[in-house]
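Below you'll find the structure, written out as structure tokens, and then a few comments.
The values are calculated or read from the model by the stated rules, or taken from the named source; none is laboratory data. Everything numeric here is computed off the predicted structure, so don't read it as measured data. Counting neighbours? That spans all protein chains shown, and the Cβs are built from the backbone with ideal geometry, glycine included. Surface areas here come from the heavy atoms of the whole protein model, side chains and all, with no ligands, DNA or RNA. Shrake-Rupley method; radii C 1.70, N 1.55, O 1.52, S 1.80 Å.
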Amino acid sequence: MKELTIGIDIGGTNTKFGIVDRDGNVIFHDRISTAGHEEFRDYFKVLSKAIRQAMEAIQGEYKMYGIGVGAANGNYYKGTIERATNLPWKGITPVAEMFKEEFDLPAIITNDANAAAVGELVYGAAKGMKDFIVVTLGTGLGSGFVSNGQLLNGKHGIAGELGHTSVNPAGRFCNCGKRGCLETYVSATGIKRTVYKLLADHLEPSELRGISFDNLNTKMITECAIRGDVVALAAFEYTGRILGMKLAETVVHTDPEAIFLFGGLSLAGDLIFKPTIRHMEANLMPLFRGKVKVLPSALQNQAAPILGASSLVWNYLDNAHPKEVLA
Ligand SMILES: [Zn+2]
């Protein structure tokens, strides 16, 4: 009999969901619009119907073990999404409770970066590791910490918000209300801000000159850097330096075996990994030098958010409380 879980990734524009087996094979996946539903109840109705249809279409015998949800501001302890700025629903939404009632299945929720960390642990390159960090490089910068084999949630379920630790207290303005947060430098948006600053500082010709801020993206900057564009190369060096210095500080907290970079900027390969590793090593406390690997995530594909969400259920059943019902 197949053993399955449902993984749901609630993003600002779309919600991706899928049915996943023990080995991380996505046997069904689809998406619905998130942005089009201003009331959570309407959204939930559409999503539940789509999930039921998917379950009915599964061939052969199976047992469904639970539902895992990854969402910005997903709270592991309360099972809620709280005041997420990228989602249309205001206040506190009791997501886990509603899924549990609707499907009579255990339901777990956490933020998308924590889900990526558990996904790496259950299906990815962190299998067998007990101490590692996943840094997700998207529009912003998220991170999930696994220590002693357990995801760090913290007292309020918001542990490991590396993106909002300071790089420069008088630096760039951040969505969170502070200034100089890491994600204002190291993210898809951050590197764009850096390119614009460098264009102002440099006199050399650059293909990036004349591209509007809204039209600029990581892929363009990567392609220009590969062609030797001075400004694009300098932007990666600058971004890698800030990330590397921050990682050098971060490792002292949990002494990780590896740090995985996931998504967006990490797909630029050596362009981002080389300066990051160089500056991390140069700034590490000597005891740590040469000991912490910086690696690409093994879940670099379209299904990664679904895998991360579904892995929450396996992780909980495998490690924490195998006999208990969740949520
Ligand atoms: Zn911030």
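Summary table
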| quantity | calculated |
| --- | --- |
| Between region 190-231 and region 16-75, the alpha-carbon center distance in angstrom | 39 |
| Length added when fully stretched, PHE213-ASP104, from 0.36 nm per residue minus Cα-Cα | 34.5 nm |
| Partners for LYS45 among aspartates and glutamates (Cα-Cα distance below 18 Å; same-chain residues under 8 apart left out) | ASP9, ASP30, GLU56, GLU97, GLU101, GLU102, ASP104 |
| Cα lying deepest toward the dipole's positive end in the chain, options ASN319, LEU203, ILE8, charges on Cβ | LEU203 |
| Gyration tensor verdict on region 96-182 (Cα atoms; rounded if a/c is under 1.5, prolate if a/b is larger than b/c, oblate otherwise) | oblate |
| Partners for LYS274 among aspartates and glutamates (Cα-Cα distance below 13 Å; same-chain residues under 8 apart left out) | GLU237 |
| Length added when fully stretched, ASP23-ARG52, from 0.36 nm per residue minus Cα-Cα | 8.2 nm |
| FRET efficiency estimate (nearest 0.05) - Cβ-Cβ, GLN302 to PHE173, R0 25 angstrom | 0.20 |
| Cα-based convex hull, region 169-327, per residue volume (Å³, whole number) | 164 |
| Among the listed pairs LYS2/LYS100; LYS246/LYS291; LYS246/LYS293, those beyond 18 Å (Cα-Cα) | LYS2/LYS100 |
| Gyration tensor verdict on region 104-152 (Cα atoms; rounded if a/c is under 1.5, prolate if a/b is larger than b/c, oblate otherwise) | oblate |
| Inverse of mean 1/r across different Cα pairs in region 160-218, Kirkwood, Å | 12.3 |
| Relative contact order of the chain, pairs being alpha-carbon contacts under 8 Å that are 6 or more residues apart, as % | 20 |
| Considering only the chain, percent of DSSP beta bridges that pair antiparallel, nearest 5 | 55 |
| Cα-based helix-to-principal-axis angle, 230-254 vs the chain, degrees rounded to 10 | 60 |
| Per-residue [θ]222 nm for the chain (sum of -39500 (n - 2.57) over DSSP H runs n ≥ 4, rounded to 500) | -11000 deg cm²/dmol |
| Rounded tilt (10° steps) of 112-122 against the dominant C-alpha axis of the chain | 70 |
| For the chain, projected area of the alpha-carbon convex hull averaged over all directions, nm² | 17.4 |
| Charge dipole (debye, nearest 20) of the chain; +1 at Cβ of Lys and Arg, -1 at Cβ of Asp and Glu | 600 |
| Ranking by accessible area, most exposed first, for ARG31, ARG41 with a 1.4 Å probe | ARG41, ARG31 |
| GNM flexibility winner over the chain from ASP21, ASP214, ASP255 (Cα, springs under 10 Å) | ASP214 |
| Whole-number D in µm²/s for region 1-157 (Stokes-Einstein; Kirkwood sum over Cα pairs; 10 °C, 1.306 mPa s) | 98 |
